[in-house]
Amino acid sequence: VTYKSPEQKAALCAVVQGLSPLIVILPTGGGKTLLPVAAAVLDNAAPQESGRPSVTILVVPFRAFIKDMLVRLHYAGVKAVEWQAGAEGDCQNRRTPASIVLVSADYVG
């Protein structure tokens, strides 16, 4: 594996070790997408002892990035959904199982 930075390598090692919660801040193009995908793939391969699947919450800086991320994650075979605010979003958020939930930073702060 070729890493984009020592920080990406350290973050991926933390994912593989199952450290949680894990907050990672990397620059644009720093390889952040690999981390939640790896967490979801590892969880699908070896679910938690509780039997409940884990969920990775991925905060994306802008809503415009979410659609692209959903396509990339779907292509990688990872179940991902966008968390949507509001009454309609609340219903949708509860019905869709996923390994990764994408949420815009606009809704977080």
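Please treat every number below as a calculation from the coordinates, not as lab data. Just so we're clear, the structure is a prediction, and the values are computed from it rather than from any experiment. Quick reminder, even Gly has a Cβ in these numbers, built from the backbone with ideal geometry, and neighbours come from all protein chains shown.
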Scalar couplings 3J(HN,Hα) for the range 39-45 by Karplus 6.51 cos²θ - 1.76 cosθ + 1.60 (θ = phi - 60°), nearest whole Hz, x for Gly and Pro, are 4, 5, 5, 5, 5, 5, 6
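Count the net charge of all other residues whose Cβ sits under 15 Å from the Cβ of L19, scoring Lys and Arg as +1 and Asp and Glu as -1. Could you put the intermediate results ahead of the total?
Details: positive: K9; negative: E7, D43.
Computed value for this residue: -1.
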